[in-house]
Amino acid sequence: MVEIITNLPIWQSIRTLGITAYILLFFGVSLGMLYSMPVWKGKAKATLYKVHSYATITGTFSAILHAMLLIVDTYMPFSWKEILLPFAAENDPLWNGLGSLALYGTLVIILTTDLRAKLNKTLWRIIHIGSYPTFVMAMIHGIEVGTDSQSPLMYLLYVSTFGILLVLLIVRMVIGRKKAGAYLADRG
């Protein structure tokens, strides 16, 4: 059985799952930001939320598979301790630790979203804002330990996804300030 697994294209699967997880996390975070903007109403907003949730959950599942395959990799195998304990990896402990933290971050965000109705709204919002640093940790992990991160296509992927999220964050902050200003003007 072990021989069957070790003869599979493990490295290619690890990298593909890592990139897939990153792209889906990008879509999850971006769609979450778009969802919070006031232009979406009714069915469109509901659909946006479903796709946001699907992307985030599927991305997290891809990240879990990415990490699990590192256990059976014959070139640079990881132990369960190195996978589960952030910064315990023998190779590149900082960068691999950020990958572990990013995975834990997405799991916490998904779990607290499922428990949203039972949580204090402010607490849920603070936890959910953690999706931004979680995304950055996943990006840095991919850039630093991804074996093909120096390729022009991967460089373009990292730069463009970060740039898009930065623009969306700025737009969201501007809209948030306008809402706060309108709220204060109504009360004054």
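The values are calculated or read from the model by the stated rules, or taken from the named source; none is laboratory data. Keep in mind that what you see is a predicted model, and the values were worked out from it rather than measured. We place every Cβ from the backbone using ideal geometry, glycine too, and count neighbours over all the protein chains shown. To get the accessible areas, we keep the full protein, side chains included, count just its heavy atoms, and leave off ligands, DNA and RNA. Shrake-Rupley method; radii C 1.70, N 1.55, O 1.52, S 1.80 Å.
Observations on the model:
- Segments classed as helices (runs of 4 or more DSSP H), wholly inside segment 1-82, with at least 2 members that are touching a residue at least 40 places away in the same chain (Cβ under 8 Å) and more than 22 Å from the chain's Cα centre (by Cα): 2-6
- Segment 145-179, residues that are within 15 Å of the chain's Cα centre (by Cα), under 14 Å from Ile23 (Cα atoms) and of a type in the set (A, V, I, L, M, F, W, C): Leu157, Phe162, Ile164, Leu165
Okay, residues lined up against (1) at pLDDT 95 or above; (2) of a type in the set (Phe, Trp, Tyr); (3) open to solvent by less than 70 Å² (accessible area, probe 1.4 Å):
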residue	(1), (2), (3)
Tyr104	yes, yes, no
Thr112	no, no, yes
Arg116	no, no, no
Asn120	no, no, no
Phe135	yes, yes, yes
His141	yes, no, yes
Glu144	yes, no, no
Thr147	no, no, no
Pro152	yes, no, no
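- Pairs meeting the criteria (first residue in segment 162-176 and at pLDDT below 95, second residue hydroxyl-bearing (Ser, Thr, Tyr) and not in a helix (DSSP H, G or I), beta carbons under 8 Å, at least 6 apart or on different chains) are Arg172/Ser36.
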